[in-house]
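The values are calculated or read from the model by the stated rules, or taken from the named source; none is laboratory data. What you see is a predicted model; the values in this text were computed from it and never measured. For neighbour counting, all protein chains shown are included, and Cβ atoms are generated from backbone atoms with ideal geometry for every residue, glycine included.
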Amino acid sequence: MSDIPVNERAARIEYAIRDVVVPATALEAEGHEILKLNIGDPIAYPGLPTPEHMIRAFQESLARGETGYSPSYGLPVLRSAIAKDECGKGWNCTSDDVYVCTGVTEALQIIFAATLGAGTKVLAPGPHYPPYMAYPQLYGAETIEYSLDSEDGWKVDIDDIDSKMDENVRLLVLINPNNPTGNVASAAEIDQLISIAEKWPNCMIIADEIYDGLDFTNTHSSVASRSKTVPIFTLNGVSKVYYAPGWRIGYMALHDPTHRLSAVRDGIERLLRARLCASTPAQMGYLAGLEQSKDWMGGYSQKVREQRDLCIERISRIEGLDVQIPGGAFYMFVRLTDPKWANNDKQFVLDLLHEEHVLLVHGSGFSAQKGLGHFRLVYLANSDVLNEAFDRIERFLLRNR
C-alpha cells in the first residue's frame, strides 16, 4: 500500500537550527564528541544557569499544588508584572494588554492566525529567525524578505522595506536585537520603520524583543515606546535574558495607540481560550525573575560579551572568515570569504561537522539568498571550547583551500 500523503504545508517547513542536529546525533552515536555552537539555548552551555530564585519560585509553586489550568491569558499577577516592566521601557502598557503564551513561538502562531489570510503578506528581515518564514504559509500568507546590510553591521535597509510595502502587508517584523546577526536597530531606524508602516492602514508591526536585555550598544529602544500611530505586538519572555528557555513562557503585549485592534484582540483572545493556558508553575518562576533582584544580570551579560569579543578576535586572524560585530543577543553571522564555500555554506557546515566535529548552522537556513555564504555561531560556550572550535575551523579551511 502507498503512504498516506502529508499535507504540503507541513512538508515544506524547514528549521535549519535543529535540522543540522540530525547528522550530529548520528556522529555522537558513533562515539564522537561534538563541539556544539548551533543552538541559542543558554542552558546548553556551562556557566549560565537559570537563576536560583526563579527555580525556587517554580518549585514552591509546584509544592503549593499549583499544577492545574490557569487563566488563558496568563496569571493576573504575572500579566501585571510584565505590564510594569514594559512601562519601564517607555510606553503605557496595562495588564489587559499582556497575553502570556507558551513561548514567543506560540505568540507568533496566534498573531499569524488572527491577522493573516489568503493573499496577505509578512515583511520580515533576511536573514531571519526561521518561524517567520515557516508559519505564515500555514494561514495562506507569504513572507517577503527585506534586506539587512551585510556590509554595515546588518542594519535595516529602510529603502528596501519601503519598496516592498503594499496594501497586502499585514505584519512588518523587526527582530531587535536580531537573530541571527546580532544587529541592534537604532531609535532613528525604528522611527523610519514606523513612518513607513503608518502609510498602510492595515499594517501592524511585530517587535520581537526577546534579546532586549542583551544589548551591548546601550542604544536599544522599545518599538512600542516610539509608536503613536502604528499598532505594535511586542514579543518577549523568559527564554533568553532570564535563561530559562525550557520553561516555554513568553508573551505578546499589544500597543494600540489609535484604538484599531479591537477585532484582532478579540480573535487573539478566542485563540488563547481555545488552547487553554501556558504552564502555571513556570509563570510563577518568571514572576520571580521580574519582581526580585536583577543584579545577577550584569555578570551574565559581561560573560557573554567577553566571549563575543574572543570570537571577534579569533575570526580576525583566520583567513577565509569575516564578521560584522554584533551589537546584541548571543549570535554572530560569519561570512565565508573563501571562494570554495562562499556559495555553499550548507556543505561547509556539514563537512566541518563530519571532519572536525564542530556544529554550526548554515546561513542559507536563515534565508536562501540573504544568508548564503554565511554561518551562524552561538558564542555562549566557555572560552576554551570556543578557542578549540576556532582551531578546528581554521584547520579545516586550510586543509580544504
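Here are Leu276, Leu254, Leu272: which of them is of a type outside the set (Gly, Ala, Ser) and over 23 Å from the mean Cα position of the chain (by Cα)?
Leu276
Among the residues of the stretch 191-224, which ones are of a type in the set (Ser, Thr, Tyr), over 18 Å from Gly237 (Cβ atoms) and buried (at least 21 other Cβ atoms within 10 Å of the Cβ)?
Within the stretch 191-224, Ser221 is the sole residue that qualifies.
Output the strands (runs of 3 or more DSSP E) that fall wholly within the stretch 295-381 and possess 1 or more residues being under 19 Å from the mean Cα position of the chain (by Cα) and assigned by TED's automatic domain parsing to the domain that holds Lys36, or say none.
331-336, 374-378
With the condition kept exactly as written, say whether any residue in the stretch 267-277 is more than 26 Å from Asn176 (Cβ to Cβ), assigned by TED's automatic domain parsing to the domain that holds Asp96 and crowded, with 19+ Cβ neighbours inside 10 Å.
Yes: one or more hits.
What about Ile205, is it assigned to a strand (DSSP E or B) and under 12 Å from Ser227 (Cβ atoms)?
yes
Quick check on my filter: what residues within the stretch 370-380 are hydrophobic (A, V, I, L, M, F, W, C) and out of contact with any Gly (no Cβ under 9 Å at 6 or more places or on another chain)?
Listed by number, the list holds a single entry, Leu377.
In the stretch 162-209, which residues are under 20 Å from the mean Cα position of the chain (by Cα) and over 24 Å from Ala107 (Cα atoms)?
Residues satisfying the conditions are Ser186, Ala187, Glu189.
Quick check on my filter: what residues within the stretch 317-359 are farther than 24 Å from Asn218 by Cα and hydroxyl-bearing (Ser, Thr, Tyr)?
Thr337 - this is the single residue of the stretch 317-359 that is farther than 24 Å from Asn218 by Cα and hydroxyl-bearing (Ser, Thr, Tyr).
Output yes when any residue across the stretch 356-373 is more than 20 Å from Thr181 (Cβ to Cβ) and surrounded by fewer than 15 Cβ atoms within 10 Å (Cβ to Cβ), and no when none is.
For the stretch 356-373, residues more than 20 Å from Thr181 (Cβ to Cβ) and surrounded by fewer than 15 Cβ atoms within 10 Å (Cβ to Cβ): absent.
Could you check the stretch 147-164 and list, in sequence order, the residues that are more than 19 Å from Pro326 (Cβ to Cβ) and in contact with a strand residue (DSSP E or B) (Cβ under 6 Å, 6 or more places away or on another chain)?
Asp160, Ile161, Lys164
Quick one: which of Ser279, Ser262 is out of contact with any helix residue (DSSP H, G or I) (no Cβ under 9 Å at 6 or more places or on another chain), closer than 27 Å to Ala114 by Cβ and small (Gly, Ala, Ser)?
Ser262
So which helices (runs of 4 or more DSSP H) are wholly in the stretch 1-81 and hold at least 2 residues that are surrounded by 13 or more Cβ atoms within 10 Å (Cβ to Cβ), in the same structural domain as Leu350 (by TED's automatic domain parsing) and at pLDDT below 90?
Ranges flagged: 16-19, 21-29.
Could you run through the stretch 323-354 and say how many residues are without any contact (Cβ under 8 Å) to a residue 40 or more places away in the chain and out of contact with any helix residue (DSSP H, G or I) (no Cβ under 7 Å at 6 or more places or on another chain)?
Adding up the residues that qualify gives 7.
Looking at the stretch 224-266, which of its residues are part of a strand (DSSP E or B) and aliphatic (A, V, I, L, M)?
Once the filter is applied, which keeps residues that are part of a strand (DSSP E or B) and aliphatic (A, V, I, L, M), the stretch 224-266 yields Ile232, Leu235, Met252, Ala253, Leu254.
Out of all the residues in the stretch 307-316, which are free of Cβ contacts under 8 Å to residues at least 24 places away in the same chain and farther than 19 Å from Leu148 by Cβ?
Across the stretch 307-316, the qualifying residues are Asp309, Glu313, Ser316.
Write out, first by first residue and then by second, each pair whose Cβ atoms fall under 9 Å of each other, whose residues are 6+ apart or on separate chains, and whose first residue, in the stretch 187-201, is in the same structural domain as Pro125 (by TED's automatic domain parsing) while the second is surrounded by fewer than 17 Cβ atoms within 10 Å (Cβ to Cβ) and among the acidic types (Asp, Glu).
Going by the 9 Å Cβ cut-off, the qualifying pairs are Gln192/Asp162; Ile196/Asp162; Lys199/Asp162; Trp200/Asp166; Trp200/Glu167; Pro201/Glu167.
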